[in-house]
Structures are given as structure tokens and as C-alpha cells.
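Scroll down for the structure; my scribbles are underneath it.
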Amino acid sequence: MKENKNILITGGAGFIGSHVVSLFVNKYPDYHIINLDKLTYAGNLANLKDIEQAPNYSFVKADICDFPFICSLFEKYSIDGVIHLAAESHVDRSIKDPFTFAQTNVMGTLSLLQAARLYWESREEKYDGKLFYHISTDEVYGSLPLSNPEGIDCDFSAHKVYGPDFFSETTSYSPHSPYSAAKASSDHFVRSFHDTYGMPVIVTNCSNNYGPYQFPEKLIPLFINNIRNRKSLPVYGKGENVRDWLYVVDHARAIDVIYHKGKIAETYNIGGFNEWKNIDLIKILIEVTDKVLGRPAGSDLDLITFVKDRAGHDLRYAIDSRKLKNELGWEPSLQFEEGIEETVRWYLSNQPWLDNVTSGDYQNYYHTMYGKL
């Protein structure tokens, strides 16, 4: 099979996308990486300043819902493969504005699928060497029971687990928020293009990501910044909700392995084997952040404030990643305690980045670097 070297990465200025773009640009100098991003509030080109002048990298500012433009993009760059990360992803925002999530996550994905199909089917080689790789979320599976409230040690994980059940690649979909419903719909569209048209596709569902360059509306960077500024740490309900956490660099590594070695039409779950109750996670963030800042241990515990629970708040997510480990040899490189300390130290040592994002000044970077285009 011909190796696909002109790769369109959507959402490449976002949190996960910027890590994937950087990895591919640096690791595969003979590839041409085309980064397509609309640059909504979550897109930050400063995340990519280290590779923006690379000869094998191009940036395109556009909306994935602009179907005619997307079609022209496939023609212009002779796209062989798509790694599709572009999405609206914040659950709280989806509750307030479900239409935007349906438009971007569903119709935007459909726009990309149809553009890829029309272009690839028009080529002599058809689908040979082509791939549409769609990145999704574990939230499409719904919620798992919390049958071990205190957590138990388990051979499945190096950390505590909070129930005997885990999301696998065969778990039925049961989305509970507008965000997860939109992602579930996009997953179904991707698989339907394989079943209907024979398009080579792969779908992955990942757990909660954390690490450098995450937009500070998400829990971990938000709370690091709030601890730094001694601001309140709002915790939904009693903080009993459990999430599986995946270091973003490990996720980018998994995407690389799956893109190159994954089986067509397969689904792979990507998890960190790290279940944590929200309240326990927050206490660790306080402990590590206080240590890095040189504050007395526990001095910021009084910042924790319990607030009304979020509507439709899933109780527990836990991913079974053994298929990915057994078939493709991937597993997380960092234990959570290592990853969280690296993350805290990154945000505290990159305070100008954090301040630019929280102030909104980061949005001027595009005009500074690309305004001439």
C-alpha cells in the first residue's frame, strides 16, 4: 500500500492537535503536514511557534463546515490522509449552546468525509494508501457505576479503580450531553462512510487529556491558575465523579502508532489507566502547585468551594485500553503523579502563555504571523 504523506490535521492549533502536529512535523520530515484550524477561542498558533517555519508544514485558517473550500483543499494539497481532531469539546458550553456543537462536530465531520470521498474516488488509485482517522471521546459511552466508592487496587490498573466495569471498543453508545451526543453522531457518520463507500477509516475514543497548552477553561489548567492566583476552586457536587486521565503527549504517541499501524475499520480506546475522583485530583493539584510555588503544604485547601452539580453529569468514565496495548504495543509512558507534576511545572514556568490566553491577547498571534497572507 502506498504510504500517505500529505496529511491534513484538523484542529491542529488546539490542545491535543498542536501536540499531534508538532510530533508529525518533527518525526516525519518527508511528510507534508497541513494544519487546518478555524482559530476559535480554543485555537492558539503560539502553541506551534517551534515548527511554524518548518518546510514540511503549512497552516490554513478555515472552517471545516465550508464544504467547497474543504474540497478545494484536497485538490490543492493532494491529501492522502486525514487526522480529524477539530471539534467543540467543552461540555458546559454544549449545554448552553448545543447548536454550535451539532454544526461543528456533526456537519463539519460530514463535510470532511464527503470532500475526502469525492477527491479520493476521483483518483486513479482510489482509496489505496488513504485513511480518514477520526478522534473521538469516551463520553459517547455514557456513564459507569461507582460501585467501589473508596476505590480498590486492581491488576487492571496501577492505581485504584472504582468499579468492575470499563468502556471497551464494543460498549454501546449512551451519550448524556449535547457534546457527547454530537461526537457520537460524528462517529456513526465516519463508520457509515466505510460501510457505504468503502472509505478506509479508523475511530479512536480517548479519556480526559491533560498537559501543556490546554485551554484554561478545563479543570486542570483552570485550577492550577486559580491556585496560583489564590482564587476559588469550584467543584461540582461533592467531587465524587471519577475520570480516567491521559497525558496529552502519550495521546499524541498513540495517534501516531494507530495512524501508521492500526487496522482499517477498527476502533481503539485510548486511556491513561488513571482513575481519579475529582476531589482527590484537586487535592493533588493543590499539593503539587503549593510545593512548586514554595507555599506551606495544604495552604490552599480552603480555596475548594462546592457548587451545584452540572446537568447530566456522568458519574464515572474508565477506559479499557488493552486492545491498543496488546495489538499495537502502546501504553502510557508516565504515571499520573509524574505527569501532573510536569504539567504544573509547565504552566507555572510558562506564565506569559497562561496570561496571554486568559487575557485573550493570544488571539493576536495569527494576525502577527499570518496577517500578510
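The residue that is farthest from Tyr28 (Cα to Cα), among those in segment 60-90 that are of a type outside the set (Gly, Ala, Ser) and free of Cβ contacts under 8 Å to residues at least 12 places away in the same chain, is Pro68. Flag not set for Gly108, criterion: of a type outside the set (Lys, Arg) and at positive phi. Listed by first and then second residue, the pairs linking a residue in segment 232-248 that is farther than 25 Å from Ser321 by Cβ to a residue that is in a strand (DSSP E or B) and among the polar types (S, T, N, Q), with Cβ atoms under 8 Å apart and 6 or more places separating them unless they lie on different chains, are Ser232/Thr305; Leu233/Thr305; Pro234/Thr305; Val235/Thr305.
Every residue, every condition in (1) out of contact with any Leu (no Cβ under 9 Å at 6 or more places or on another chain); (2) under 19 Å from Val235 (Cβ atoms), yes or no:
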position	(1), (2)
Tyr268	no, no
Gly272	no, no
Val288	yes, yes
Gly294	yes, no
Lys325	yes, no
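Scanning segment 1-13 for residues that are modelled with pLDDT under 95 and surrounded by 15 or more Cβ atoms within 10 Å (Cβ to Cβ) yields Asn4, Lys5.
Scan segment 50-68 for residues that are of a type outside the set (A, V, I, L, M) and either outside any helix (DSSP H, G or I) or closer than 15 Å to Ser185 by Cβ (or both) and jot them down. Listed by number, the residues that qualify are Asp50, Glu52, Gln53, Pro55, Asn56, Tyr57, Ser58, Phe59, Lys61, Asp63, Cys65, Asp66. For segment 300-309, the criterion of being modelled with pLDDT under 95 and closer than 24 Å to Tyr141 by Cβ is satisfied by at least one residue. Residues that are crowded, with 21+ Cβ neighbours inside 10 Å and charged (D, E, K, R) were ranked within segment 313-356; the one that is farthest from Ile286 (Cα to Cα) is Asp314. In this structure, Asp50 does not qualify as in contact (Cβ under 8 Å) with a residue 40 or more places away in the chain and either touching a helix residue (DSSP H, G or I) at 6+ places or on another chain (Cβ under 8 Å) or among the basic types (Lys, Arg) (or both).
Scanning segment 69-91 for residues that are part of a helix (DSSP H, G or I) and under 16 Å from the mean Cα position of the chain (by Cα) yields a single hit, Val91.
The values are calculated or read from the model by the stated rules, or taken from the named source; none is laboratory data. Here the structure is a predicted model, which is why all the values come from computation and not from measurement. Quick reminder, even Gly has a Cβ in these numbers, built from the backbone with ideal geometry, and neighbours come from all protein chains shown.
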